[in-house]
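**Student:** Structure in structure tokens, see below.
The values are calculated or read from the model by the stated rules, or taken from the named source; none is laboratory data. Treat the numbers as computed from the prediction; the structure is a model and nothing was measured. Cβ: placed from backbone, ideal geometry, glycine included. Neighbour counts: every protein chain shown. Side chains are part of the model used for accessible areas, which takes the heavy atoms of the whole protein and leaves out ligands, DNA and RNA. Shrake-Rupley method; radii C 1.70, N 1.55, O 1.52, S 1.80 Å.
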Amino acid sequence: MKFIFRHMIKYRGRIIVQLIIKFIGTAAEFMIPYVLEYMLDVVAPAEGNNMLKMILCGVLMIGIAIFVRTMNIAANRRAVKIASECIYNIREELFDRTMELSGSQVDKYGLPSLTSRMTSDSYNVQNFMRMIQTMGVRAPILLLGGMVVTMVMDFGLAMVLFILVPLIIVAVVVISRKGIPLYEKVQQKMDTIVRIMRENITGIRVVKALSKEEYETGRFESANKEMFSSDTTASVVMSLPGPIMTLIMNIGLTVVVVLGAYRVNGGITQPGVILAFLTYFNMILMGVNGVNRIFIMTSKANASASRIAAVIEEGQDLQTVYGEEYDDTNAGESGTKETKPYIAFENVNFKYMKQGNEADDYELTDISFKLEKGSSLGIIGATGSGKTTIINLLMRFYDATEGSVIVGGRDVREYKLTELRKKFGVVFQNDVIFADTLMENIAFGRDVDEKRAMEAVTEARAAEFVGEYEDGLNHKADIHGANMSGGQKQRILIARALAAKPEILVLDDSSSALDYKTDALLRQMIREHYNNTSTIIIAQRISSIMNLDNIIVMDDGHIVGQGTHEELMENCKQYSDIYEIQMN
């Protein structure tokens with residue numbers, strides 16, 4: 001709750017005004033039974049023609065009811081606006097923090113969990129913020145104010161309430177303590193549902209192609225049943241206070257009616273007092289039910305707020321370590337300091353984190369290589385051999401467990417992350433085309449004008465199909481580039497990587513959907529137009545890397561071969577075996 005109130009405190013001025021409006025509206029509601037009691041016990045029994053006074057009392061009651069309604073509507077609208085603005089800021093903060101998470105932190109939470117925190121968790125918090133400003137004022141006033149008024153009206157009957165209220169409080173507190181862990185479990189089950197939906201929506205074509213709709217429906221049904229079971233358990237437990245409170249209050253109401261009838265018959269109490277007392281008793285019952293709803297919503301919001309706060313308050317584990325200032329203008333060329341390689345891995349070992357704990361096995365072991373500025377490096381190896389992990393460390397999505405990663409002659413930990421990553425133009429495996437124009441997909445918020453974007457399109461061998469669109473670069477791509485072929489998507493992604501003229505170009509299996517001719521022309525273009533750019537190409541095809549300055553061969557997280565194509569053909573059996581299979 002501290003997290004929620006810390007964000008709401010920014011709106012304290014507006015909230016105070018809203019609470020005052022709600023207080024006045026709710027307090028005015030207590031006047032209606034009082035006017036009713038006055039009309040029945042004073043106006044009606046009086047001698048003479050009292051019709052005018054009766055009508056005036058009725059008009060007064062209607063006027064109070066309209067006033068109460070108007071004030072409540074005004075307060076509720078203000079509460080909705082404040083809650084919406086507050087959750088807007090929380091979502092912004094959550095999104096910004098999510099964008100800053102390291103690879104290890106993303107792995108720790110998982111993409112489905114981060115998605116549900118942004119959606120269902122923030123929705124629960126928003127509902128709580130709205131309710132605490134409305135029902136959070138109205139319910140206590142109805143409950144406590146009703147008890148005070150009834151005690152003033154008839155202390156003997158009011159004692160019934162003082163006996164019942166402690167029983168209600170105990171029931172609510174005991175049950176609510178069990179509710180919060182249950183709602184946390186519900187949100188965890190929601191994460192699983194989001195993950196399965198995300199997998200199936202992303203891979204819908206594969207599911208249909210393999211006729212696995214029934215299988216995936218079964219997976220979803222199983223997760224949905226677990227969600228249903230958890231949600232039902234939480235809802236049943238948290239719904240118990242309502243019936244219990246209603247039962248206790250109705251027993252009390254029965255006692256009040258019986259005692260009231262006895263007191264009226266004995267001349268101790270007036271009939272109007274009993275009628276007003278019963279009306280106040282119903283108000284108290286509404287207040288009790290409102291308090292119950294607040295406890296239910298608080299349990300949900302507390303669980304959701306904890307999950308959101310966990311991400312927002314997550315510490316930055318990729319800290320910048322400022323070392324000796326270094327001018328990387330000539331890194332990799334001749335000189336003293338400049339003899340440091342432009343890019344290097346020095347005895348790097350790396351383990352992924354699993355569920356917040358280090359994995360038992362190393363993903364990379366004793367990785368060492370150098371790359372001079374403007375030269376090229378190819379990386380080849382079996383699936384899962386650690387090729388992409390090298391890029392993840394180079395761009396500092398993760399920090400090396402041991403050893404050093406050098407870019408521009410400096411350890412990557414000495415850079416601010418934005419400074420480091422501006423050096424790169426990169427195409428990842430399974431990279432993303434966004435539902436936007438080709439221009440926006442290529443520029444991607446960077447200082448890239450249409451002329452430069454078109455140059456990058458031409459360099460990426462994409463001009464031939466982009467030119468066929470009537471609207472050219474303004475052509476709209478569907479989500480994940482669904483209206484484009486695999487080769488077209490890869491060429492647009494390569495154009496994005498080239499558009500900002502990067503110092504380091506990384507192509508991670510980015511030509512798998514290209515034909516051999518286009519792939520060869522693309523590599524030739526990079527050699528001719530980006531000769532001052534350090535290029536790293538990860539590929540499954542030997543033809544894509546065989547002409548590069550240096551090649552490393554990966555196997556199970558180890559470098560098993562390093563050198564030029566000719567050197568590897570002589571000294572690395574894994575490489576020569578791949579060559580024989582692919583080229584013969």
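**Student:** How much net charge surrounds ILE132 when only other residues with a Cβ under 12 Å from its Cβ are counted (Lys, Arg +1; Asp, Glu -1)?
**Tutor:** Taking every Cβ under 12 Å from that of ILE132, the sum is +4.
**Student:** Tell me, what HN-Hα J-couplings in whole Hz come from the Karplus equation 6.51 cos²θ - 1.76 cosθ + 1.60 at θ = phi - 60° for each residue of region 220-234, using x for Gly and Pro?
**Tutor:** Here the 3J(HN,Hα) series is 5, 4, 5, 5, 5, 5, 5, 4, 4, 5, 5, 5, 5, 4, 5 Hz.
**Student:** With a 1.4 Å probe and all protein chains left in place, how much of the accessible area of region 394-520 comes from carbon and sulfur atoms, in whole percent?
**Tutor:** So the carbon and sulfur contribution to the accessible surface is 48 percent.
**Student:** Quick check on the chain: what does the Kirkwood estimate of hydrodynamic radius come out to from the alpha carbon pairs, in Å?
**Tutor:** 29.8 Å
**Student:** Near the amide H of GLY403, under 5 Å away, which other amide H atoms are found, from residues 5 or more places off or on another chain, if H is placed in the peptide plane?
**Tutor:** For GLY403, the qualifying residues are ASN349.
**Student:** Next question, about the same structure. Give me the angle, in degrees from 0 to 90, between the Cα long axis of helix 271-312 and the longest principal axis of the Cα atoms of the chain, rounded to the nearest 10.
**Tutor:** For 271-312 against the chain, the angle is about 10 degrees.
**Student:** Let me spell out the model: positive unit charges on the Cβ of Lys and Arg, negative unit charges on the Cβ of Asp and Glu, origin at the Cα centre of region 1-151. What dipole size does that give, in debye rounded to 20?
**Tutor:** 420 debye
**Student:** How big, on average over all directions, is the shadow cast by the Cα convex hull of region 352-476, in nm²?
**Tutor:** Over all viewing directions, region 352-476 projects a mean Cα-hull area of 10.6 nm².
**Student:** Relative to the longest principal axis of the chain, what angle (0 to 90°, nearest 10) does the C-alpha long axis of helix 122-140 take?
**Tutor:** 20 degrees
**Student:** What number comes out for accessible area per residue over the chain if the probe is 1.4 Å? Units Å², please.
**Tutor:** Accessible area per residue, the chain: 50 Å².
**Student:** Which order do LYS517, LYS22 take when ranked by solvent-accessible area (1.4 Å probe, heavy atoms of all protein chains), largest first?
**Tutor:** Ranked from most to least accessible, the order is LYS517, LYS22.
**Student:** Net charge within 12 Å of TYR516 by Cβ-Cβ distance, Lys/Arg positive one each and Asp/Glu negative one each, not counting TYR516 itself?
**Tutor:** That works out to +1.
**Student:** Let me ask another. Taking the 0 to 90 degree range and rounding to the nearest ten, how far is the long axis of helix 241-265 tilted relative to the main principal axis of the chain, both from C-alpha atoms?
**Tutor:** Helix 241-265 sits roughly 10 degrees off the main axis of the chain.
**Student:** How much net charge surrounds GLY13 when only the other residues with a Cβ under 14 Å from the Cβ of GLY13 are counted, with Lys and Arg +1 and Asp and Glu -1?
**Tutor:** Net local charge, GLY13 excluded: +4.
**Student:** What are the extents of the Cα atoms of region 455-584 along their three principal axes, listed from largest to smallest and rounded to whole Å?
**Tutor:** The principal-axis extents, from largest down, are 53, 30, 26 Å.
**Student:** Considering every pair of different Cα atoms, what Kirkwood radius, in Å, is found for region 83-192?
**Tutor:** 17.5 Å
**Student:** Kindly provide the GluC sites (Glu not before Pro) of region 468-505 that DSSP labels as loop, not H, G, I, E or B, and whose Cβ sees at most 14 other Cβ atoms within 10 Å.
**Tutor:** In loop regions of region 468-505 (DSSP not H, G, I, E or B), the sparsely surrounded GluC sites (Glu not before Pro) are GLU468, GLU470.
**Student:** A further question follows. Tell me which trypsin sites (Lys or Arg not before Pro) from region 440-512 have a DSSP coil assignment and no more than 15 other beta carbons within 10 Å of their own.
**Tutor:** Counting only loop positions with at most 15 other Cβ atoms within 10 Å, the trypsin sites (Lys or Arg not before Pro) in region 440-512 are ARG446.
**Student:** With a 10 Å radius around each residue's Cβ, average the other Cβ atoms per peptide and rank 531-540, 295-304, highest first.
**Tutor:** 295-304, 531-540
**Student:** Could you compute how much accessible surface ASP154 exposes when probed at 1.4 Å, giving the result in Å² to the nearest 10?
**Tutor:** So the heavy atoms of ASP154 present about 10 Å² to solvent.
**Student:** Lys/Arg Cβ at +1, Asp/Glu Cβ at -1, dipole of the chain taken about the Cα centre: which of GLY487, ALA261, VAL206 is farthest positive-ward?
**Tutor:** ALA261
**Student:** Wrap a convex hull around the Cα atoms of region 182-330, take a quarter of its surface area, and give that in square nanometres.
**Tutor:** It is 19.9 nm².
**Student:** Where the accessible area of region 52-133 is counted over protein heavy atoms with a 1.4 Å probe, how much of it, in %, is carbon and sulfur?
**Tutor:** Reported share for carbon and sulfur atoms: 65 percent.
**Student:** Suppose every Lys and Arg Cβ carries +1 and every Asp and Glu Cβ carries -1, with no other charges. What dipole size does the chain come out with about its Cα centre, to the nearest 20 debye?
**Tutor:** Result for the chain is approximately 3280 debye, rounded to the nearest 20.
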